[in-house]
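Colleague: Okay, handing you the structure first.
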Amino acid sequence: MQSAISNENLPKSMRYGLSSANAVQSETTLSRFSAVNGNVFAPTSSNEIRIKVRGNGFLQTNKHYLHFQVTNTSADTNGQVDLHAGSFFDRVRIESNGQVVEEINSYGVYNAIRQYYNTDVNELYKKVGGSGASGLAVKFTPTQIGLASGDTAAAVKVVTDAAFTADNGKLFEVERSSVGEYIAYTDVKHFVIQIESGLLLNTHGKALPDGMNELDLILRLAPNKQAMVAGGGTGATYSITNPTLYCPTMKILNGDVMASYRQVVAQEGVLISGVTAKTYINSVALAAGTKSLQINDRSISCLGLVTALRLATADSNNAVYSNSAFGYTDAEDTDKCTSYHYQISGSNYPQSNVNISIKDDGLNIGRAIEESCKALAPMGHDYCKSMASKVKTVSSFANPYAASPATNGINIPCALFSVDLKRMSDDGLRMVGLNTAQNSSPSTLEIEVTTALGADCTATTFALAEIFFQMQPDGSLSSAM
């Protein structure tokens, strides 16, 4: 028996009733918020930028950007941005009525992780142009040409033909470089970046509600040797001028809509959810053995844990990539860290150790990459937009910077010790992570180091946690995570 035919049985191309609704009457302007405590900042003097944010309407913060001007103030040293212009900031804090509603420490490292794992190629080219970011690069090592004896035409032809044969048809891997915009001494560069904030870049792209009290965005500058990489000397120094936050502000012109909105706000306020990062730092001694690192995160919904292992001197050495270099070994083709797991409330996460080998013979990096790509996936997605290739996983995080063409830019790793703790991937649901606040049992990361590290290191762990922002009827903002 044939069932009744309705519009549901027709293809969308024939369902002419399906069309866009008319937008509510509104107007949008690009609001500008400048620093209120000066216009020139430097890491060794006025190192904190304070911007007050309040729009006359709904702030569409998913489209915000911070514009600032960087000047190389070195006497004679050229520098390059460490991966992305977010490297100039070491801490991001948002306050409401003097109360902290969000704070991300070690922001330069967290920003680098997001740039590696949440950027596709289309976004990358945009960031190369506007954010001082590094792009894709190919490392070419030509065959050396040399004569053992006389430089006769015949001898030259023999060696050049041999070099051509050796190089002809070679394939070169294209990788995400870690070397950002070049800033010669006295040069001035303008950058625009988005702040990786759970409030500003919240899960569903919600506008900050009309009537919210004024927010304070506080940015602490990174030290000179952390923000940029440079070769030798005293290192490149910098200053930031005229930092300004731009954000579209929409004003609803329909009185009925605004009356309904104000009624809802008066009854229950507004709830916005996002993903933020809580920072835990441990020292890692160079000796071989099992490293047990204390984390002790307390989050009501922890979506994942990601740990970046770096040189302890990374932030104080010109020629070390401070924010963008983290991985499993500090010596090329040598296994150092060979397995890991997290222990939370007495249970292992994941349940079996993640084994690692970065050597070609016995290469084993698949599970580690899987956990990182799932842990850093946006809400509602199974995997993130990762640029963590094989080369960017197995390289040494101790590889130094050197001026072009020997920058080592593509041989800088972005490998993490990660675990995905989400119970499901659905952007229509919240509280999908692991509740690490339900008891006081200690949480640790255990890393097996089978060959001693070449130098002391630090392990910076970010607990990726759901954060909930509640605007009360009086416009005050609070948060919980």
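Quick note: the coordinates plus some simple rules give every number you see, no bench work behind them. Note that the structure is predicted; figures quoted are calculated from it, not measured. Methodologically, a virtual Cβ is constructed for each residue, glycine included, from the backbone with ideal geometry; neighbour enumeration extends over all protein chains shown.
Colleague: Determine, from the Cβ-Cβ distance of residue 257 and residue 427 and an R0 of 35 Å, the FRET efficiency 1/(1 + (r/R0)^6), rounded to the nearest 0.05.
Modeller: Here the calculated transfer efficiency is 0.90.
Colleague: If you don't mind, another one. Compute the FRET efficiency between residue 6 and residue 204 as 1/(1 + (r/R0)^6), taking r as their Cβ-Cβ distance and R0 = 22 Å, and round to the nearest 0.05. Each step should come with its number before you reach the end.
Modeller: Working: r = 32 Å, r/R0 = 1.45.
Efficiency for this residue pair is about 0.10.
Colleague: Follow-up question, since we're still on this one. In degrees, nearest 10, range 0 to 90: what is the angle between the Cα axis of helix 366-375 and the longest Cα principal axis of the chain?
Modeller: Taking the Cα atoms of the chain, the angle to 366-375 is about 30 degrees.
Colleague: If you don't mind, another one. Test of understanding: given the chain, find the longest segment containing no GluC sites (Glu not before Pro) that are in a DSSP loop and have at most 16 other Cβ atoms within 10 Å.
Modeller: Segment 1-172 is the longest.
Colleague: Could you point to the label whose value was computed as percent of Cα pairs over 40 Å apart for the structure here, given [x] 23; [y] 29; [z] 41?
Modeller: Identified label for the calculated read-out: [y].
Colleague: Provide, for q = 0.11, 0.24, 0.25, 0.27 Å⁻¹, the log10 of I(q)/I(0) from a solvent-free Debye sum over equal Cα point scatterers in region 96-180.
Modeller: -0.59, -1.14, -1.18, -1.26
Colleague: Please go through region 86-146 and write out the chymotrypsin sites (Phe, Trp or Tyr not before Pro) that DSSP classes as loop and that have at most 15 other C-beta atoms within 10 Å.
Modeller: Taking region 86-146 and a limit of 15 other Cβ atoms within 10 Å, the loop chymotrypsin sites (Phe, Trp or Tyr not before Pro) found are 140.
Colleague: Still on this structure, please answer the following. Using the Kirkwood radius over Cα pairs, work out the Stokes-Einstein diffusion coefficient for region 391-481 at 37 °C and 0.692 mPa s, in µm²/s as a whole number.
Modeller: The diffusion coefficient I find is 183 µm²/s.
Colleague: Please arrange 6, 34, 339 by counting, for each residue, the other beta carbons lying within 10 Å of its beta carbon, fewest first.
Modeller: Taking fewest neighbouring Cβ atoms as first place, the list is 6, 34, 339.
Colleague: Between helix 255-268 and the chain, what is the angle of the helix's C-alpha long axis to the longest principal axis, kept within 0 to 90° and rounded to the nearest 10?
Modeller: Once rounded, the angle reads 80 degrees.
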